[in-house]
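To start, the structure under review is shown below, and the notes come after it.
The values are calculated or read from the model by the stated rules, or taken from the named source; none is laboratory data. Since we're looking at a predicted model, the values are computed, not measured. In this analysis, Cβ positions are derived from the backbone assuming ideal geometry, glycine residues included, and neighbour counts consider all displayed protein chains.
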């Protein structure tokens, strides 16, 4: 089995991945809060952890992948105050909160399918696990790490920090955090401004509410992930992932909650993808650069010059390492679009390469380079660079400048199918020759070349040149031979 190394945010170094359990890898990823349409920021973690999910499956692991849906408990200002985001949206839309949840969960799933993101093994909702969250809060109170005030329950960070490092994931020191929040003490029901809500007392106007030992209320945002991840993956599991924006306070709180509930850390590898900017700016509605995925796919946004195929979005994201920041622009997307087509063109050529008695193309070296890139913390941009090197070789074989044996051709075809389709999760776009109708596509081009040859035979040079020029303008490269003409798509 391949030896995969992953950068563990907790230790800040690459570590050889060694699963805890023999029968499966446990992976939990923070999913969306479903109160609006999916936007660009939702796509990056989805694609990042889809790549990890696909690669783990590819190299032989059985994976139990849990990605949650936050449909309750995520407050507007993310600081234990304000309205629940789903409830607020429900009031605006004059719908039931669970209608809002269903509408935007369906929309999110549709967008993920368009991006060819595999569905997780389990997709639990926060509202469907209220009992588990209440039980987790009880454990934290019994362990002395939480307290109840006026029907709300808060995690006692200062008590926890006496014996456990709080800030271990983000690298923040409790002294600095305390200094920054000291002015909040005594201004609300928390003992300290550092403390965070595990359960909130529901005011009479609050729509989403459940009975609990502390009164009618709803769970805090951080509680859900601890309850659901350990329910489905056990008290200790392999990988917890999410965007870098969740590192503090959400994931820091999860670590503390896990220790409070079970007496030990629950996660072995913390993996975080970096953030997205648009034309160098942070994405935000006030800046006018908040682009929903549907708008990318239709081109219906003032910042977009055209519509972009979901595979262009996916390919663009994979061209950057998941831990690197990523800036979107029309120029960058159009460059990615051309690169994606180059790769698909190579896939189309690969089906019909002519074989020889010897190979001048080193398939095994190319394969090793590709897997070395993936094993080095999922280095997808280096993998793609190697695949482009292979594409040049494929074109050289097609042009007769290199040779490949039948056995090596089978290996090369399998390599590209495995890595391009199964691991990178790329699919031929509707405009690509490698789109499921490639045979019909090729027959149409051949028909045009036959008509051109007939025109040449009749010395109808105007028609012959017109067919050649139109095909060239459409991106085809026509090469006249003694037998007629060969064609290929330009890279």
### Enumeration of residues in region 364-397 that are assigned to a helix (DSSP H, G or I) and touching a strand residue (DSSP E or B) at 6+ places or on another chain (Cβ under 7 Å)
375
### Message
I need the full set of residues from region 119-128 which are assigned to a helix (DSSP H, G or I) and buried (at least 20 other Cβ atoms within 10 Å of the Cβ), in order please.
### Response
127
### Hits in region 346-362 (condition: surrounded by fewer than 21 Cβ atoms within 10 Å (Cβ to Cβ) and assigned to a helix (DSSP H, G or I))
348, 349
#### Entry: One residue from 61, 65, 35 being modelled with pLDDT of 95 or more and either crowded, with 23+ Cβ neighbours inside 10 Å or not assigned by TED's automatic domain parsing to the domain that holds residue 126 (or both)
65
### Query
Restricting attention to region 455-476, does a residue exist that is touching a strand residue (DSSP E or B) at 6+ places or on another chain (Cβ under 8 Å), buried (at least 16 other Cβ atoms within 10 Å of the Cβ) and at pLDDT below 80?
yes
### Query
Looking only at residues in region 99-116 that are buried (at least 17 other Cβ atoms within 10 Å of the Cβ) and more than 17 Å from the chain's Cα centre (by Cα), which one is nearest to residue 48 (Cα to Cα)?
104
### Query
Which condition number in (1) at pLDDT 85 or above; (2) outside the structural domain of residue 340 (by TED's automatic domain parsing); (3) not in a loop (DSSP other than H, G, I, E, B) is the one that residue 445 fails?
(1)
### Task
For residue 401, state whether it is surrounded by fewer than 20 Cβ atoms within 10 Å (Cβ to Cβ), within 34 Å of the chain's Cα centre (by Cα), part of a loop (DSSP other than H, G, I, E, B) and without any contact (Cβ under 8 Å) to a residue 12 or more places away in the chain.
no
### Task
Could you pull out the residue among 278, 174 that is over 30 Å from residue 122 (Cα atoms) and surrounded by 18 or more Cβ atoms within 10 Å (Cβ to Cβ)?
278
#### Entry: Residue list for region 385-398, filter: more than 18 Å from residue 4 (Cβ to Cβ) and either outside the structural domain of residue 346 (by TED's automatic domain parsing) or under 26 Å from the mean Cα position of the chain (by Cα) (or both)
385, 387, 388, 389, 390, 391
### Query
Of 121, 170, which residue is modelled with pLDDT under 95 and either under 20 Å from the mean Cα position of the chain (by Cα) or under 21 Å from residue 239 (Cβ atoms) (or both)?
170
### Query
If residue 94 passes every condition in (1) surrounded by 14 or more Cβ atoms within 10 Å (Cβ to Cβ); (2) over 16 Å from the mean Cα position of the chain (by Cα) but one, which one does it miss?
(1)
### Query
Restricting attention to region 300-345, which residues are under 23 Å from residue 287 (Cα atoms), loosely packed, with under 14 Cβ neighbours inside 10 Å and free of Cβ contacts under 8 Å to residues at least 24 places away in the same chain?
300, 302, 307, 331
### Members of region 140-165 that are under 13 Å from residue 199 (Cα atoms) and assigned to a helix (DSSP H, G or I)
140, 141
### Query
Which of the residues belonging to region 70-92 are within 22 Å of residue 241 (Cα to Cα) and either touching a helix residue (DSSP H, G or I) at 6+ places or on another chain (Cβ under 6 Å) or not assigned by TED's automatic domain parsing to the domain that holds residue 26 (or both)?
71, 72, 73, 74
### Task
Any chance you could count how many residues in region 410-432 are at pLDDT 95 or above and either in contact with a helix residue (DSSP H, G or I) (Cβ under 8 Å, 6 or more places away or on another chain) or surrounded by fewer than 16 Cβ atoms within 10 Å (Cβ to Cβ) (or both)?
16
#### Entry: Condition check for residue 264: surrounded by fewer than 16 Cβ atoms within 10 Å (Cβ to Cβ), assigned by TED's automatic domain parsing to the domain that holds residue 146 and at pLDDT 95 or above
yes
### Task
Could you check, for region 212-222, whether at least one of its residues is under 17 Å from residue 29 (Cα atoms) and assigned by TED's automatic domain parsing to the domain that holds residue 143?
yes
